[in-house]
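Q: Encoded as C-alpha cells, here's the structure I'll be asking about.
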Amino acid sequence: MKTKKPLPPRLYLPSIIKDLSKKMVFLGGPRQVGKTTLSQSLIKAYKDGHPAYLNWDNEISRRTILKSEWPKNQELIVFDEIHKRKGWQTLVKGIWDTWKNTQKFLITGSARLDVFRKGGDSMMGRYHYYRIHPFTLPELGINKKNLSLVFQFGGFPEPLIEQDPIELRRWHLQRVSKLVQWICGT
C-alpha cells in the first residue's frame, strides 16, 4: 500500500489570513475542492465538533447560528454552507455588523456564493471572495513526479491524496452521476 503524502498548504492561505484581519472571507468553488478542509485548518486546535465550525447542514449548528450562540471567545467562526438558508445574506450582514470588531468570519459555499457576489450589493465592502480551485502544479511543486501525479489523478484533493486508480474511477463516477442528476433535474 502506498504511503499517502500530505498535500501542501493552499496557495491562497496567506492572502486569506491577511484578509480575515479586515473583512469576512467567502470561499467558493466546486464541490470537493477543499473549501471545508481549508476553513477548518484556520481554526486553532480544530477537531471534529469544534464549536467555531458551524455547518448549516447540521441541525445543531443551524440552531447555534440562528440564536447567535457560537463561542464569543473564538477568534474565527466558520459558517459552512450557510448560503443554503433563504435570506442568508441579511443574516450574515447582521452578524458581521454586530461582531466585526471582536470576531473574524469565514463563509464557505458553492456556486451560489459566486452568483450572489455578481448580483448582490447588500454586503459590499464587507467581504473578500476567493474561488478555490483544484491543486495546481505550482502549489504541489513543479517536478516530473508531481506532473505525473496531476496528469494521472488530477488536482482535486481526495483522488490526489489517495493516488489509487480504483478510487479515482469511483470518484469520477460519483461526479458524473451528480452532474447528470443536476442536468436532468432529478
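Q: Which of (1) under 26 Å from residue 158 (Cβ atoms); (2) at pLDDT below 95 is the odd one out, the single condition residue 61 does not satisfy?
A: The failed condition is (2).
Q: Would you be able to tell me the number of residues in segment 14-35 that are in contact with a Leu (Cβ under 9 Å, 6 or more places away or on another chain) and more than 13 Å from residue 135 (Cα to Cα)?
A: 8
Q: I've got another one for you. For segment 137-186, give me the residue count where each residue is in contact (Cβ under 8 Å) with a residue 60 or more places away in the chain, loosely packed, with under 13 Cβ neighbours inside 10 Å and within 22 Å of the chain's Cα centre (by Cα).
A: Number satisfying all stated conditions: 2.
Q: Turning to a different aspect of this structure: So which of 18, 2, 47, 86 is part of a loop (DSSP other than H, G, I, E, B), of a type in the set (D, E, K, R) and modelled with pLDDT of 95 or more? Step through it out loud before you land on a result.
A: Working: 18 fails: part of a loop (DSSP other than H, G, I, E, B); 2 fails: modelled with pLDDT of 95 or more; 86 fails: modelled with pLDDT of 95 or more.
None of the other options fit; the residue is 47.
The values are calculated or read from the model by the stated rules, or taken from the named source; none is laboratory data. What you see is a predicted model; the values in this text were computed from it and never measured. Ideal geometry is used to build each Cβ from the backbone, glycine not excepted, and the neighbour counts take in all protein chains shown.
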